[in-house]
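Colleague: Shown below is the structure under consideration.
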Amino acid sequence: MAETSPAAVQADRYVIDSRASRFTVQAFATGLLARMGHNPVIGIRDFSGEMQFNPDKLEAGSFRLVIKSASLGVQNDISDKDRREIERLMNQEVLETAKFPEIVYEAATISVTKMADMLCSATLNGNLTLHGVTRNQTIVVRVALLGSMLRASGDFTLNQTDYNIKLVSVAGGALKLKDELKFSFEMVARKQDSKSCL
């Protein structure tokens with residue numbers, strides 16, 4: 001047991017580079033006009049996060065991710081009018097961004113399994129706080145080790161109603177969104193200079 005505590009101390013701090021990362025939410029349309037409408041793809045534009053990771057021993061510590069809920073925007077090729085309306089609904093009625101400005105994911109436990117040279121799988125067992133509701137959310141991530149950089153990718157799903165989110169509809173209810181949302185990500189995290197750590 002004494003041998004494991006130094007590993008935690010020696011774990012490197014990796015910080016997400018949001019400019020080099022991609023994080024999207026896929027919503028699914030239903031209703032009479034669903035065949036004519038798009039399944040909205042929402043881009044998450046403002047997020048930050050960091051984790052503790054020891055690449056030599058493939059041991060990971062805590063991970064924390066914070067998303068600014070007002071930074072979500074529609075990526076589909078649609079009219080400006082439709083884009084503004086969907087984003088208005090999303091900010092005011094779905095996410096209620098003025099009331100809940102942040103979406104936070106925190107994982108205290110991470111298990112890492114080596115898959116190949118410089119490639120591993122990580123299972124994050126954490127809590128997602130969304131729309132004022134906190135629920136357990138397990139996320140499986142594929143991680144590539146590239147020198148002082150990590151590239152993590154994966155996806156997960158959740159139901160909006162689990163977080164007390166109202167399902168919205170447009171066009172007088174002819175076009176609705178399903179409860180399920182699919183999150184997909186490809187994130188780049190860079191090791192911070194250990195000299196800056198106390």
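Colleague: If you go through the stretch 84-92 one residue at a time, do you hit one that is open to solvent by 60 Å² or more (accessible area, probe 1.4 Å) and over 26 Å from Asn39 (Cα atoms)?
Modeller: no
Colleague: Consider Asn159 against the criteria (1) open to solvent by less than 20 Å² (accessible area, probe 1.4 Å); (2) free of Cβ contacts under 8 Å to residues at least 24 places away in the same chain: it satisfies all of them except one. Which criterion is unmet?
Modeller: Of (1) open to solvent by less than 20 Å² (accessible area, probe 1.4 Å); (2) free of Cβ contacts under 8 Å to residues at least 24 places away in the same chain, only one is false for Asn159: (1).
Colleague: Can Glu186 be described as within 28 Å of Gly61 (Cα to Cα), of a type in the set (Asp, Glu) and part of a strand (DSSP E or B)?
Modeller: Here the answer is yes, as Glu186 does meet what is asked.
Colleague: Looking at the stretch 116-156 only, could you name the residues that are touching a residue at least 40 places away in the same chain (Cβ under 8 Å) and within 16 Å of Phe63 (Cα to Cα)?
Modeller: Across the stretch 116-156, the qualifying residues are Ala122, Leu124, Gly126, Met149, Leu150.
Colleague: Any residue in the stretch 97-115 that's of a type in the set (Lys, Arg): show its pairings with residues that are open to solvent by less than 80 Å² (accessible area, probe 1.4 Å) at Cβ separation under 6 Å, as long as the two are six or more apart or on different chains.
Modeller: Lys114/Leu58; Lys114/Cys120
Colleague: Could you tell me whether the stretch 36-58 includes any residue that is out of contact with any Leu (no Cβ under 8 Å at 6 or more places or on another chain), under 18 Å from Glu180 (Cβ atoms) and either of a type in the set (Phe, Trp, Tyr) or not in a loop (DSSP other than H, G, I, E, B) (or both)?
Modeller: Yes, the stretch 36-58 contains a residue that is out of contact with any Leu (no Cβ under 8 Å at 6 or more places or on another chain), under 18 Å from Glu180 (Cβ atoms) and either of a type in the set (Phe, Trp, Tyr) or not in a loop (DSSP other than H, G, I, E, B) (or both).
Colleague: Pairs needed: first member in the stretch 70-88, within 15 Å of Val168 (Cα to Cα) and touching a residue at least 24 places away in the same chain (Cβ under 8 Å); second member anywhere, hydroxyl-bearing (Ser, Thr, Tyr) and in a helix (DSSP H, G or I); C-beta distance under 7 Å; at least 6 residues apart or different chains.
Modeller: none
Colleague: Can you tell me how many residues in the stretch 117-132 are open to solvent by 20 Å² or more (accessible area, probe 1.4 Å), more than 16 Å from the chain's Cα centre (by Cα) and not acidic (Asp, Glu)?
Modeller: 4
Colleague: Name the residues in the stretch 102-111 that are farther than 13 Å from Met51 by Cα and open to solvent by less than 30 Å² (accessible area, probe 1.4 Å), would you?
Modeller: Hits for the stretch 102-111 are Ile103, Val104.
Colleague: Among the candidates Lys176, Lys99, which residue alone is surrounded by fewer than 17 Cβ atoms within 10 Å (Cβ to Cβ) and more than 20 Å from Gly61 (Cα to Cα)?
Modeller: Only one candidate passes the filter, namely Lys99.
Colleague: Taking the options Lys114, Lys81, name whichever one is open to solvent by 30 Å² or more (accessible area, probe 1.4 Å), outside any helix (DSSP H, G or I) and not small (Gly, Ala, Ser).
Modeller: None of the others qualify; the one that does is Lys114.
The values are calculated or read from the model by the stated rules, or taken from the named source; none is laboratory data. This structure is a prediction, so every number in the text was calculated from the model and none was measured. Backbone-built Cβ (ideal geometry, glycine too); neighbour counts: all protein chains shown. Accessible surface areas use protein heavy atoms only, side chains included; no ligands, DNA or RNA. Shrake-Rupley method; radii C 1.70, N 1.55, O 1.52, S 1.80 Å.
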